[in-house]
1. With +1 on the Cβ of every Lys and Arg and -1 on the Cβ of every Asp and Glu, and nothing else charged, how large is the dipole of chain A about its Cα centre, in debye rounded to the nearest 20?
2. Counting only helical runs of four or more DSSP H residues, what would the 222 nm mean residue ellipticity of chain B come to if each run contributes -39,500 (n - 2.57) and the total is spread over all its residues?
3. Looking only at other chains, what is the average number of their beta-carbon atoms within 10 angstrom of each beta-carbon in B:194-203?
4. Give me D for chain B in µm² s⁻¹, whole number, from Stokes-Einstein with Rh from the Kirkwood sum over alpha-carbon pairs, 20 °C and 1.002 mPa s.
5. Taking the Cα centre of the protein assembly as shown as origin and charging only Cβ (+1 Lys, Arg; -1 Asp, Glu), how large is the dipole, in debye to the nearest 20?
6. Once you have all Cα-Cα distances for segment A:25-67, histogram them in 10 Å bins from zero and send the whole-percent values.
7. Label-to-label distances across copies for A:ALA54, with labels 7 Å out along Cα→Cβ, in nm, shortest first?
8. Stokes-Einstein diffusion coefficient for segment A:27-102 at 37 °C in a medium of 0.692 mPa s, Rh from the Kirkwood formula over Cα pairs: what value in µm²/s?
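Throughout, read-outs are computed from the coordinates displayed, never taken from laboratory work. Just so you know, these numbers come straight off a predicted model, no measurement behind them. Because the Cβ atoms are built from the backbone with ideal geometry, glycine has one as well, and the counts that use them run over all protein chains shown.
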Number of protein chains: 2
Amino acid sequence: MGLEHTGARPVDGPIAPAVPLGVTPSRRERILDAALELFVERGYAGTTMDDIGAAVDLKGPSLYKHVRSKQELLAELMSRSILTVHAAHDAAVATAEDIELQLRRAVEAHVRFHARNRLDAFLGSRELGNLAPEHRSGIIRLRKDYERSFRRLVDAGVAAGRFAVRSPKLTTFALLDMGTGVAVWFRDDGEASVDEIAYHYGDLAMRLVGAGR
Amino acid sequence: MGLEHTGARPVDGPIAPAVPLGVTPSRRERILDAALELFVERGYAGTTMDDIGAAVDLKGPSLYKHVRSKQELLAELMSRSILTVHAAHDAAVATAEDIELQLRRAVEAHVRFHARNRLDAFLGSRELGNLAPEHRSGIIRLRKDYERSFRRLVDAGVAAGRFAVRSPKLTTFALLDMGTGVAVWFRDDGEASVDEIAYHYGDLAMRLVGAGR
DNA sequence: CATGGTGGCTAGTGATCGTTAGCCTTTGAC
DNA sequence: GTCAAAGGCTAACGATCACTAGCCACCATG
């Protein structure tokens, strides 16, 4: 039950690895992926270092040769996740000039991320409270940045007279939340493909903002 | 920071109290409310019985005079929550004949619940994994029932030619998820009141299903 | 063949926590 | 006034965990 990060990734993660770069990066990645899966399945507090170790054929204490602490695992997973969406968002918006198309692309990217990176998305929304305060504030700021970027698109459409929106704030929340929800119910072996869902949600977004007359 | 269950409550909860009915119901309620708040704040695994006790001026072990286990607290909170939404949903739908209005009322009730019972909603989506298997399946079934009830409204509107919907399934998910999201960002002291938000989301729902031409 | 670093292991430490045992005080019924 | 139940407490048990200490095997480099 491996993870696939097939979506566009940011050029580089900003969190410095605890171990000198170039030294067993593959092992570290495998640990991160295993931790993600277990954190989602059993929760952060409900997952032991031994669990994570077992998932990569190690004993718990051996993990400390690759990772500074359990907390570091959580922090890195969460920041990696948000930076990924945000990068995908920026890339998607940049592919269009028209504000209507920009919002559509943004929603598609949002949905695609939440379908393809279900676990990351899920963790991000659920384990914020288990993040040490020093990490938490940074993560929250990144999330707010992302939301603001969405909000700007809605505002721009309204300003240009292309969207008919009663409350830009509530509408933006609705747009974001309906896409976020995909992470909860999406299944790889479900009826609808990621692309179909993304396209459909793009349509729904257009309806929400009253685009195209 | 108490909870208000101002919505219609189901006739009776299916989880039998550990203590004979009628004996110190008030104390037990206070424990449940404290547990809810703490579970949301620190997570189920991150909350100790001593924490809960302290919140109601008791020592941890004293809780066992009122409650069978920590697990029971979680299970009761979750089932109480779902039964509450579902009851509110049924009551809301019953106030209208027209399918369009029924869906609008259902969305309003959904949003109202998620704004007023933020903590319950949050817990319900986050701590499913910490529920003992025997409780979990029942809770999941109740949640599915609730979703199905929404889905039926969408289908009915489509069948009556009142809604223009490409995928009833995806549209229903979008409707539910945007409302569920309210629980995450709503604040009692925020700009918008519960009623304003509920009304607005009713409008958004009508747009999503393409109601009213 | 030395050697030193990398990465694995076992054993253990100290802390935390759910839960139980057992005791004591209050209170209300008779 | 007696007595039992209800409900509070402290103490302690047994588990579980994150993390550390310290050891050893492998292996590349000279």
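1. Working: 29 positive and 29 negative charges, 140 e Å.
The dipole magnitude comes to about 680 debye.
2. Working: 9 runs with 136 residues, N = 213.
Using -39500 (n - 2.57) per qualifying helix, the result is -21000 deg cm²/dmol.
3. Numbers: counts 0, 0, 2, 3, 0, 1, 6, 4, 0, 5.
If you average over the peptide's residues, the count of other-chain Cβ atoms is 2.
4. Stokes-Einstein gives a translational diffusion coefficient of 117 µm²/s.
5. Working: 58 positive and 58 negative charges, 5 e Å.
Computed about the Cα centre, the dipole is about 20 debye.
6. Whole-percent P(r) values from 0 Å outward: 33, 60, 8.
7. Copy-to-copy label distances at A:ALA54, shortest first: 3.2 nm.
8. Values: Rh = 14.0 Å.
Value of D from the Cα-based Kirkwood radius: 235 µm²/s.
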